[in-house]
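S.K.: Here it is: the structure, laid out below.
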Amino acid sequence: MPLFRKTLYATDFSPLAEVALDYVKKLKEAGEEEVVVVHVVDDLEVELPEGTDLIREKEVFKILPEVDQEYVINLIEKLNAIKEILEDEGLKVKIYLRYGNIPKQIVAVADEERVKLIVMGAHGKGLLSELLLGSVSTDVIREAKCPVLIVKRREE
Amino acid sequence: MLFEKVLYPFDMRKASLNVKPYILKLKEAGCREVHMVYVLLPSEWGLITKEEFDCEEKIEALRSAMNEGFVMGLLKIFRKMKEIAKEFEENGIKTRVVLIPGELDEALAWYANKYQINLVTLGVTSESLSIFRVGKILEIIKAVTQPVLVVKTPEEEDGEV
């Protein structure tokens, strides 16, 4: 059964996200063939339409202030570094850099790409404050149609 | 080691049964041991001492303290879980079926730590994750320190197994 054939790896480039990446790599042994790597930004100097694709919508990049352009270039470099790591593992990789609400965009890409599983790290702080504030991981768990693998911060 | 020992909480619902194929698939990624756990909630277990009921003899010994119907109910759950667990054994995954009394979050977190579990699985319904009911599931995710695989089942497809 192709239960893990295509996974979405949501990263915020934190150490915890690196731990989650180990799980993404390990899932290759359970039939994973393709990984969709996603990072979502919500902190640019300018407001963009929800869901803007900062890699594929080239004209949007051109209108960004210089500081945002540098920031976006840096993020794309980080995504490409992860892409390379996963390709070295023999996986097919696609990267996304989206603008907007973080959980909403992770779930949107998961739906568009019809992934079988979402893998992501969950920072304890977010989970503890969830009932009052909401958090990325809990919103993803709540909204995703596919299974979600949550990797937690171990030192807690 | 990432998926070697898996904790599989089971509540006799189809939503938790739907986790089984994922665990079987994880065998290819190193799953060697499954702990299939049914948590006896306080409303169900009343005065049972905190013990791991992992064989019929231990459950039958409860007859001295609990009524017959209750003990028979536990035996029915245990046997059903053993039956479901057969597929793991047939696929070369060592399996332990156990009933433990306690609150869901505390009992699962305690068990996961005691047996050095690598992954906790949770079979839930979409409805149980709605904004009004997400509390219980979140409590479990918060309580355990291990990675958690959440598998959702639409409410209309859920039911007793």
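The values are calculated or read from the model by the stated rules, or taken from the named source; none is laboratory data. Keep in mind the model is a prediction, meaning the values are calculated, not measured. Glycine gets a Cβ as well: all are built from the backbone with ideal geometry, and neighbour counts include every protein chain shown.
S.K.: Restricting to segment B:50-79, give me the number of residues that are in contact (Cβ under 8 Å) with a residue 12 or more places away in the chain and among the hydroxyl-bearing types (S, T, Y).
M.R.: 0
S.K.: Within segment B:140-160, track down each residue that is basic (K, R) and farther than 15 Å from A:C146 by Cβ.
M.R.: Residue satisfying the conditions is B:K142 alone.
S.K.: Would you point out which residue out of A:V41, A:V46, A:V19 is more than 13 Å from every other protein chain (Cβ to nearest Cβ) and either under 16 Å from A:K78 (Cβ atoms) or surrounded by 15 or more Cβ atoms within 10 Å (Cβ to Cβ) (or both)?
M.R.: Being more than 13 Å from every other protein chain (Cβ to nearest Cβ) and either under 16 Å from A:K78 (Cβ atoms) or surrounded by 15 or more Cβ atoms within 10 Å (Cβ to Cβ) (or both) holds for just one of A:V41, A:V46, A:V19, which is A:V41.
S.K.: A:V115 - would you say it is modelled with pLDDT of 95 or more and in a loop (DSSP other than H, G, I, E, B)?
M.R.: It is true that A:V115 is modelled with pLDDT of 95 or more and in a loop (DSSP other than H, G, I, E, B).
S.K.: May I pose another question? Kindly indicate whether A:E70 is in a loop (DSSP other than H, G, I, E, B) and either within 14 Å of chain B (Cβ to nearest Cβ) or farther than 23 Å from A:I150 by Cα (or both).
M.R.: For A:E70, the condition - in a loop (DSSP other than H, G, I, E, B) and either within 14 Å of chain B (Cβ to nearest Cβ) or farther than 23 Å from A:I150 by Cα (or both) - is not met.
S.K.: Now a separate question. With free of Cβ contacts under 8 Å to residues at least 60 places away in the same chain and within 14 Å of another protein chain (Cβ to nearest Cβ) as the only criterion, which of B:K136, B:K86 stands out?
M.R.: Selected residue: B:K136, the only one of B:K136, B:K86 that is free of Cβ contacts under 8 Å to residues at least 60 places away in the same chain and within 14 Å of another protein chain (Cβ to nearest Cβ).
S.K.: Tell me, which residue of segment B:110-133 that is modelled with pLDDT of 95 or more, more than 11 Å from chain A (Cβ to nearest Cβ) and not in a loop (DSSP other than H, G, I, E, B) is surrounded by the fewest Cβ atoms within 10 Å (Cβ to Cβ)?
M.R.: Residue satisfying both the conditions and the ranking: B:K114.
S.K.: Follow-up question, since we're still on this one. Of the numbered conditions (1) touching a residue at least 40 places away in the same chain (Cβ under 8 Å); (2) assigned to a helix (DSSP H, G or I); (3) within 14 Å of chain B (Cβ to nearest Cβ); (4) surrounded by fewer than 19 Cβ atoms within 10 Å (Cβ to Cβ), A:L27 satisfies every one except a single condition; which is it?
M.R.: (4)
S.K.: Is there a residue being touching a helix residue (DSSP H, G or I) at 6+ places or on another chain (Cβ under 9 Å) and basic (K, R) anywhere in segment A:51-68?
M.R.: Yes, there is a match, as at least one residue in segment A:51-68 is touching a helix residue (DSSP H, G or I) at 6+ places or on another chain (Cβ under 9 Å) and basic (K, R).
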